[in-house]
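Laboratory data are not the source of any read-out in this text; all were calculated from the coordinates shown. Because the structure is a prediction, the values reported are computed rather than measured. Note that we place each Cβ from the backbone using ideal geometry, even for glycine, and neighbour counts take in every protein chain shown.
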Amino acid sequence: MVNENLVKDVVKEPYKYGFVTDIETEKIAKGLNEDIIKLISQKKEEPKYLLDFRLKAFKKWQKMKEPDWAGLGYKQIDYQDIIYYSAPKQKEKISSLDEVDPKLLETFDKLGIPLTEQKKLTNVAVDAVFDSVSIATTFREELAEHGVIFCSISEAVKNHSDLIEKYLGTVVPASDNYFAALNSAVFSDGSFVYIPKGVTCPMDLSSYFRINSGDSGQFERTLIIAEESSSVSYLEGCTAPMFDTNTLHAAVVELIALDDASIKYSTVQNWYAGDEEGIGGIFNFVTKRGKCLGKRSKISWSQVETGSAITWKYPSCLLLGEESVGEFYSVALTNNLQQADTGTKMIHIGPKTKSTIVSKGISAGNSINSYRGLVKMGTKAKGSRNYSQCDSMLIGDQASANTFPYIKSQQPNSEIEHEASTCRISEDQLFYLQSRGIEFEEAVSMMVSGFCRDVFNQLPMEFAAEADKLLALKLEGSVG
Amino acid sequence: MKIIEKIKTNKSIDNQTEIQKICLDKLQSTPLPNLKSEQWRLSNKSKLSDFLDYSVNEKDPKFDTPFPKTSQSTIRLVIGENCQINLIKENFAIKQLSEDQLVKYIKEQISCFDQNENWSDLLNLSLNCAKNTLGLKISGSEIPPIEIFSHASSNTLNAKTLVICLEKDCDIDLLQVNLGKDNSSLSQSTFFFLEENSSLNHGVVSYGENKSNLLNSLNVIQQKNSEYNLGSLHYKFSYARFEIRIKQSEGNAKTNIKGMQISKKDEQISTYTKIDFNGPNGFLDQINKSLADDKSHAIFEGSIIVPKIAQKTNASQLSRNLLLSNLTQIDTKPQLEIIADDVKCKHGATISQLNEEELFYMRTRGITLTEASKLQLSSYFQEIISFIPVSKDRWDLLDILLNEN
């Protein structure tokens with residue numbers, strides 16, 4: 001018999017990113033109204049079309065109702081009790097990283113994100129976002145040599161306004177859903193990536209999001225455009241300090257892939273999940289969507305979701321271009337009182353489009369982990385295919401694992417296959433591994449890692465190793 | 001509220017039974033199901049309103065049994081007027097439930113109803129008078145197969161209710177046939193209670209005619225060590241909705257379900273199942289097949305609920321769908337909701353058309369395309385048809401289906 005307490009101990013690991021950086025910040029007043037939106041827009045010196053975009057979104061948001069269909073139990077969010085703009089105070093213009101507040105650099109250092117010159121050896125360009133603003137973007141000159149634009153979205157609004165005006169809100173319209181509308185109204189910063197025609201991005205691009213302030217929400221917006229025959233791999237990481245209040249994170253990510261372009265978007269989400277009693281933690285309500293506009297374009301989402309008190313996230317692909325490909329690889333781990341409702345939407349519109357979904361959910365403690373996905377074959381999606389696989393692993397008899405796949409087809413010449421299964425860590429396997437001299441914790445960790453292997457294989461090298469470690473840490477103490 | 005008014009105008013208030021009053025009261029607060037809810041959102045609104053459009057008919061229409069070959073070894077019952085049976089033999093007994101017993105049992109069921117989920121039952125019970133309700137208590141073994149017919153008559157809405165309690169160690173084969181007529185609506189609610197060690201092989205064959213509608217609701221409660229096998233077939237309805245709710249009240253029970261729905265023209269045929277494991281060691285094996293052609297719409301939604309108490313549950317659910325035309329639509333949603341950790345649960349779903357390679361192979365062997373398609377369909381249907389009890393020996397369901405396809 002597996003010692004339940006022992007296994008539970010394996011899942012418990014203190015959140016090591018929970019520190020707060022003591023830094024002077026500039027915050028605007030709490031609350032949300034047109035004046036606040038105008039103020040944000042003014043602070044960011046935005047052109048008129050963007051202010052109009054925000055105000056229009058705000059009007060739509062006011063008419064919308066917060067969605068409750070996912071059945072996530074959380075106390076009502078007071079949207080007037082949130083600070084919508086918070087930025088560390090710094091000199092007006094920064095010409096080099098030396099001018100960035102050393103405390104900020106230290107923060108990212110502690111998080112393991114190399115921003116300073118001497119540490120930029122890992123060949124990953126980083127855009128670091130602290131609360132509402134982007135602090136620094138590394139390797140910009142090197143990327144510029146290839147014509148790749150990688151900067152914060154605020155800078156892109158100033159320097160590449162035409163691209164922003166052309167593409168912003170085309171994949172996730174402001175009226176798409178409640179949280180997308182909110183984000184469209186108040187988004188503060190985020191990353192912008194543009195890969196020109198025929199360019200394979202010479203290095204992985206990465207954004208690191210850090211919420212530092214307990215009373216401000218983070219509403220970043222990411223826009224990635226891959227022109228014809230280009231390709232890019234983008235990584236995203238997130239952490240936040242431990243507060244006993246809930247912080248709202250409502251982001252929007254839009255990806256656009258033109259003919260033969262490929263975008264790989266990987267996330268390791270490790271927002272603060274709240275304590276064992278479920279106090280505190282981030283509400284992670286994110287809208288991520290990619291549009292495969294061009295022929296043979298490809299968008300691949302891979303995600304490792306381990307943090308957040310509540311996750312509501314469905315990275316999706318609109319497969320418009322002929323022979324375009326959508327992929328979704330996900331590991332979602334919930335522990336204690338975490339709730340995750342995550343999955344994907346694969347909307348096949350063009351002919352011969354293909355999609356693959358591999359989702360692995362691990363529920364421990366008293367958590368709820370749901371896969372919710374939609375696969376839709378439109379009338380023109382002739383010769384299209386989908387394959388979905390959703391596996392859940394239950395750890396302990398208090399956790400819950402749900403699967404809600406919505407499958408819809410209007411095209412006879414298409415094929416959809418879906419399968420789902422539920423299992424637990426087998427005592428026999430544990431016994432076998434232990435009898436071979438492998439420590440209990442290591443055995444559990446090995447089995448979880450094996451369970452998630454299909455997804456980890458899809459992650460970029462750095463992330464795969466990190467994800468594996470993260471899962472092992474998160475799981476410490478919960479197998480039973 | 002129209003529907004409530006309609007029901008009321010169809011009968012004088014004084015004649016209402018106690019059950020009807022309770023259900024009407026409940027319906028008053030939800031005169032229509034919540035069409036935004038998961039269970040109803042895909043339902044064709046205009047077809048549902050067509051269903052409710054007919055006036056309620058309490059009198060039983062003349063019934064011509066469509067199927068020949070009444071066998072002496074089969075007990076055949078038609079729900080409606082003069083449906084009486086009291087058969088006590090050496091090995092078994094089939095007794096009619098007294099009105100008090102019926103009311104008591106149905107009231108117990110109503111107390112557990114969810115307004116939205118059991119809306120079809122509420123409608124059925126509010127429409128139905130005592131004479132269109134058949135309640136049976138069955139005990140013993142070596143019972144001859146039973147066939148029970150429910151039928152609608154043209155231009156009316158008919159409601160039939162069937163309640164069957166199987167006593168301990170009882171073992172029967174039962175076939176339920178629901179027949180639609182031109183421009184008609186049939187509301188059928190069935191309640192089964194399976195006591196310990198009992199076993200029921202249940203078949204449901206529902207077929208309609210031009211513009212006939214069906215709301216067919218099936219509620220099964222299984223006590224431990226009971227076995228419930230269901231084979232069902234629904235076809236030729238403009239609008240048909242088959243709701244299956246099974247509760248293994250103490251676990252340790254076995255459920256096998258094999259269902260088939262065929263939709264053509266602009267028909268909408270849907271199956272909703274909810275399997276609730278309320279104890280350990282439950283078993284479920286379910287397969288639901290759809291064939292959708294022309295402009296039709298086929299829907300399957302199945303949910304498996306495994307609470308903490310239901311350890312060692314073994315459940316599998318498969319939805320297989322054939323989509324044969326460009327204008328057809330198929331929606332399928334198998335769901336798992338699991339809290340117990342020591343369980344084996346899985347589900348799968350596929351949507352495709354007839355396998356081209358198989359067709360090609362048969363054609364290279366000199367079989368015509370039509371014949372080859374028929375052969376494929378035959379194997380697709382056969383798995384389900386052969387699982388429907390009673391019918392298989394004497395009814396040529398497979399032939400009927402193939403000749404229509």
Check your understanding: So how many Å³ per residue does the convex hull of the Cα atoms of region B:126-183 work out to?
Key -> 81
Check your understanding: DSSP beta bridges in the protein assembly as shown, what fraction antiparallel, as a percent rounded to 5?
Key -> 10
Point to revise | Residue order, fewest to most beta carbons within 10 Å, for A:CYS238, A:CYS317 | key: A:CYS238, A:CYS317
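To the nearest 500 deg cm²/dmol, what mean residue ellipticity at 222 nm is calculated for chain B from DSSP H runs of n ≥ 4 alone, each contributing -39,500 (n - 2.57), summed and divided by the residues?
Value at 222 nm, helices only, nearest 500: -6500 deg cm²/dmol.
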Review point. Under a 5 Å amide H to amide H cut-off, with H placed in plane at 1.01 Å, what residues pair with B:THR255 once short-range neighbours are removed?
Key: B:TYR228, B:PHE283, B:LEU284, B:ASP285
Point to revise | Charge dipole (region A:139-204, unit charges on Cβ, about Cα centre) - positive-most of A:LEU168, A:ALA144, A:GLY190 | key: A:LEU168
Review point. Looking only at Cα atoms, what is the convex hull volume of region A:14-437 per residue, in Å³?
Key: 153
Practice item. Compute the distribution of all C-alpha to C-alpha distances in the protein assembly as shown, in bins of 20 Å from 0, and list the percent of pairs in each, rounded to whole numbers. Key: 14, 41, 31, 13, 1
Exercise for review: Please turn the phi angles of region A:280-286 into ³J(HN,Hα) values with the Karplus equation 6.51 cos²θ - 1.76 cosθ + 1.60 (θ = phi - 60°), one per residue in order, whole Hz, x for glycine and proline.
Suggested key: x, x, 8, 8, 9, 10, 10
Point to revise | Long pairs among B:LYS264/B:LYS374; A:LYS38/A:LYS59; A:LYS60/A:LYS288; B:LYS254/B:LYS333; B:LYS21/B:LYS168; A:LYS382/B:LYS295, criterion Cα-Cα beyond 21 Å | key: B:LYS254/B:LYS333; B:LYS21/B:LYS168
Study note, to complete from the structure: Dipole check, the protein assembly as shown, charges on Cβ (K,R +1; D,E -1), about Cα centroid: among B:PRO31, B:ILE305, A:ILE263 the Cα furthest to the positive pole belongs to B:PRO31
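Plugging the Kirkwood radius over Cα pairs into Stokes-Einstein for chain B, at a temperature of 25 °C and a viscosity of 0.890 mPa s, what D comes out in µm²/s? Mind showing how you got there, number by number?
Numbers: Rh = 21.7 Å.
This corresponds to a translational diffusion coefficient of 113 µm²/s.
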Exercise for review: List every residue whose amide H lies under 5 Å from the amide H of B:LEU162, counting only residues 5 or more places away in sequence or on a different chain, with H placed 1.01 Å from N in the peptide plane.
Suggested key: B:LEU134, B:SER189, B:THR190, B:PHE191
Exercise for review: Could you give me the radius of gyration and the Dmax of region B:205-335, taking only the C-alpha atoms into account and expressing both in angstrom?
Suggested key: 15.5, 47
Practice item. Report, as a whole number in µm² per second, the diffusion coefficient that Stokes-Einstein gives for region B:355-405 at 4 °C and 1.567 mPa s using the Kirkwood radius over alpha carbon pairs. Key: 110
Check your understanding: Which residue, B:SER154, B:SER184, B:SER373, tops the fluctuation ranking in a GNM of chain B built on C-alpha contacts under 10 Å?
Key -> B:SER373
Point to revise | Per-residue average of Cβ from other chains inside 10 Å of B:326-333 | key: 6
Check your understanding: For labels at A:ASP162 and A:ASP52 in the simple 7 Å Cα→Cβ model, what's the distance in nm?
Key -> 1.9
Check your understanding: Which ordering of B:CYS129, A:CYS151, B:CYS112 is given by a fewest-first count of other beta-carbon atoms within 10 Å?
Key -> B:CYS112, B:CYS129, A:CYS151
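Per residue of A:374-381, how many C-beta atoms from partner chains lie within 10 Å of its own C-beta, taken as a mean?
Average neighbour count from other chains, rounded to a whole number: 2.
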Revision key, fill the gap. When B:TYR228, A:TYR79, A:TYR74, A:TYR234 are arranged by how many other beta-carbons sit within 10 Å of their Cβ, fewest first, they go A:TYR74, A:TYR79, B:TYR228, A:TYR234
Check your understanding: Using 0.36 nm per residue, how much length does the chain from A:GLU106 to A:GLU66 gain when fully extended, once their Cα-Cα distance is taken away?
Key -> 10.6 nm
Practice item. Enumerate the amide H contacts of A:GLU236 below 5 Å, restricted to partners 5 or more residues apart or on another chain; note that Pro and chain-start residues carry no placed amide H. Key: A:SER207, A:SER266, A:THR267, A:VAL268
Study note, to complete from the structure: Given B:236-246, B:40-50, the highest-first ranking by average Cβ count within 10 Å works out to B:236-246, B:40-50
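Of A:LYS352/A:LYS376; A:LYS380/B:LYS45; A:LYS65/B:LYS36; A:LYS264/A:LYS295; B:LYS45/B:LYS289, which ones are farther than 20 Å apart at the Cα?
As for pairs spanning more than 20 Å Cα to Cα, those are A:LYS380/B:LYS45; B:LYS45/B:LYS289.
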Point to revise | Cα-based Rg and Dmax for region A:241-400, where Dmax is the largest Cα-Cα distance (Å) | key: 16.7, 52
Review point. What ³J(HN,Hα) values, in whole Hz, does the Karplus curve 6.51 cos²θ - 1.76 cosθ + 1.60 give for region B:374-390 when θ = phi - 60°, with x put for Gly and Pro?
Key: 4, 4, 5, 5, 4, 6, 5, 6, 3, 4, 7, 4, 5, 8, 7, x, 6
